[in-house]
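J.: The structure follows.
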Amino acid sequence: DRAAHARVVASFGAACRGGDVAELLALLDPAVVLRSDGGGVVRAALRPVSGARNVGRFLVGVLAKNPRLRPEPAATADGVGLLLVEDGAPLGVVTFGSREGRVTDVWIQQNPAKLTRWPRAGLPTG
């Protein structure tokens, strides 16, 4: 259900922007898996991150180390996702798998060669 997926992603983005770790953990399925792709060009997790606590800590750590990085809603081929924006420039796209109101998969694309669809921030989400 795309509407339910969009609600989960919106809540996830709000929890990230607000630094609400408890809310973020509540949105993650206990078996959630995060994968990232930097294409060997930018820094990314080399292996999948598994489990709600590990994924939550990973995400909070990334945002803490990059306080200017803002997750903003973006339309993706997989439904609503998040565009990672710093100073108006897109640095990554996050897409999600969700089920029963929880995030089951997080895919972070940071490879600049694969971000050409997002030339600027502030994309519509419809």
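J.: Output the residue which, of all residues in the stretch 45-67 that are among the aliphatic types (A, V, I, L, M) and out of contact with any Leu (no Cβ under 9 Å at 6 or more places or on another chain), is surrounded by the fewest Cβ atoms within 10 Å (Cβ to Cβ).
T.: LEU46
J.: Would you check which residues across the stretch 1-24 are open to solvent by 70 Å² or more (accessible area, probe 1.4 Å) and out of contact with any strand residue (DSSP E or B) (no Cβ under 6 Å at 6 or more places or on another chain) and list them?
T.: Those that are open to solvent by 70 Å² or more (accessible area, probe 1.4 Å) and out of contact with any strand residue (DSSP E or B) (no Cβ under 6 Å at 6 or more places or on another chain): ASP1, ARG7, ARG17, ASP20, ALA22, GLU23.
J.: Ok, one more. Scan the stretch 69-82 for residues that are among the β-branched types (Val, Ile, Thr) and free of Cβ contacts under 8 Å to residues at least 40 places away in the same chain and report the count.
T.: 1
J.: Here is a further query. Being out of contact with any helix residue (DSSP H, G or I) (no Cβ under 8 Å at 6 or more places or on another chain) and modelled with pLDDT of 90 or more is the filter; apply it to the stretch 1-13 and report the residue that is farthest from GLU100 (Cα to Cα).
T.: This residue is GLY13.
J.: Let me ask another. Tally up the residues in the stretch 31-68 that are part of a helix (DSSP H, G or I) and without any contact (Cβ under 8 Å) to a residue 40 or more places away in the chain, please.
T.: Of the residues in that region, 10 qualify.
J.: Okay, next question. For the stretch 76-94, name all the residues that are buried (at least 16 other Cβ atoms within 10 Å of the Cβ) and among the small types (Gly, Ala, Ser).
T.: GLY79, GLY81, GLY92
J.: Take the residues in the stretch 25-44 that are surrounded by fewer than 16 Cβ atoms within 10 Å (Cβ to Cβ) and either touching a Phe, Trp or Tyr at 6+ places or on another chain (Cβ under 7 Å) or charged (D, E, K, R) (or both), then tell me which one is modelled with the highest pLDDT.
T.: The residue in question is ARG35.
J.: Looking at the stretch 94-118 only, could you name the residues that are under 23 Å from LEU25 (Cβ atoms) and among the aliphatic types (A, V, I, L, M)?
T.: Scanning the stretch 94-118 gives VAL94, VAL103, VAL106, ILE108.
J.: Still on this model: Only one of (1) in a helix (DSSP H, G or I); (2) under 24 Å from ALA113 (Cα atoms); (3) of a type outside the set (Ser, Thr, Tyr); (4) touching a Lys or Arg at 6+ places or on another chain (Cβ under 7 Å) is not met by PRO71, so which one is it?
T.: (1)
The values are calculated or read from the model by the stated rules, or taken from the named source; none is laboratory data. Keep in mind that this is a model prediction, so the values were computed, not measured. Methodologically, a virtual Cβ is constructed for each residue, glycine included, from the backbone with ideal geometry; neighbour enumeration extends over all protein chains shown. Calculation scope for accessible area: heavy atoms of the full protein, side chains included, ligands and nucleic acids excluded. Shrake-Rupley method; radii C 1.70, N 1.55, O 1.52, S 1.80 Å.
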